[in-house]
Amino acid sequence: MPCKESKKEAIRQFKEQKPPVGTYAVRCTATGRVWVGASRNLDATKNGCWFMLRNGSHQDKSLQMEWNAQSEKAFEYEVLDSLDDAVHPLNVTALLKEKKFIWLARLGASPLL
């Protein structure tokens, strides 16, 4: 049954994938405001951020207010920087914090949790 084996192999490969780690920006194209954050899973962060914004429950009140005023169409999610897989796991937190501060300064952005 090669079909069953290939399915198991595909599942195994999916489970072994490492999520993208890095910094991201949420931009309001209508006003030009930018918020910057860092995440250990950039894909999940976008989904979670948009979910909270759509439901009016995002923890960053300034972002939520801008979202409510401008609507979803005015917002973009952009990956600014991804960490290399070779980064030692113990260094990830410090490196993400450093990169977040660099992007905050470079873009004149507000920080996200």
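The values are calculated or read from the model by the stated rules, or taken from the named source; none is laboratory data. Quick caveat: nothing in here was measured; it's all calculated off a predicted structure. Note that we place each Cβ from the backbone using ideal geometry, even for glycine, and neighbour counts take in every protein chain shown.
List pairs: first residue in the range 89-104 and of a type in the set (A, V, I, L, M), second residue exposed (fewer than 14 other Cβ atoms within 10 Å of the Cβ) anywhere in the structure, Cβ distance under 6 angstrom, at least six positions apart or on different chains.
As it stands, the answer is L104/P111, since those pairs meet every condition given.
So, T31, is that one modelled with pLDDT of 95 or more, of a type in the set (S, T, N, Q) and over 17 Å from E72 (Cβ atoms) or not?
Against the criterion (modelled with pLDDT of 95 or more, of a type in the set (S, T, N, Q) and over 17 Å from E72 (Cβ atoms)), T31 does not qualify.
Among the candidates G37, G48, G32, which residue alone is part of a strand (DSSP E or B) and either aliphatic (A, V, I, L, M) or closer than 24 Å to K100 by Cβ (or both)?
Working: G48 fails: part of a strand (DSSP E or B); G32 fails: part of a strand (DSSP E or B).
Of the residues listed, the single one that is part of a strand (DSSP E or B) and either aliphatic (A, V, I, L, M) or closer than 24 Å to K100 by Cβ (or both) is G37.
Between residues in the range 3-22 that are surrounded by 10 or more Cβ atoms within 10 Å (Cβ to Cβ) and residues that are part of a loop (DSSP other than H, G, I, E, B), which pairs lie under 8 Å by C-beta distance while being six or more apart or on different chains?
So the pair list comes out as P19/R40; P19/N41; P20/N41; V21/R40; V21/N41; V21/L83; V21/V87; G22/L83.
Name every residue in the range 7-58 that is under 13 Å from the mean Cα position of the chain (by Cα) and charged (D, E, K, R), in order of residue number.
R27, R40, D43, K46
Which residue pairs have Cβ atoms under 7 Å apart, sit 6 or more places apart or on different chains, and have a first residue in the range 49-61 that is surrounded by fewer than 16 Cβ atoms within 10 Å (Cβ to Cβ) and a second that is modelled with pLDDT under 95 and among the hydrophobic types (A, V, I, L, M, F, W, C)?
Q59/L113
Examine the range 72-79 for a residue that is in a helix (DSSP H, G or I), without any contact (Cβ under 8 Å) to a residue 12 or more places away in the chain, among the aliphatic types (A, V, I, L, M) and surrounded by 11 or more Cβ atoms within 10 Å (Cβ to Cβ), and state whether such a residue exists. Steps first, answer last, please.
Filtering the range 72-79 down to residues in a helix (DSSP H, G or I) leaves 72-74.
Next, only the ones that are without any contact (Cβ under 8 Å) to a residue 12 or more places away in the chain stay: 73.
Then drop every residue that is not among the aliphatic types (A, V, I, L, M), which leaves none.
Scanning the range 72-79 turns up no residue that is in a helix (DSSP H, G or I), without any contact (Cβ under 8 Å) to a residue 12 or more places away in the chain, among the aliphatic types (A, V, I, L, M) and surrounded by 11 or more Cβ atoms within 10 Å (Cβ to Cβ).
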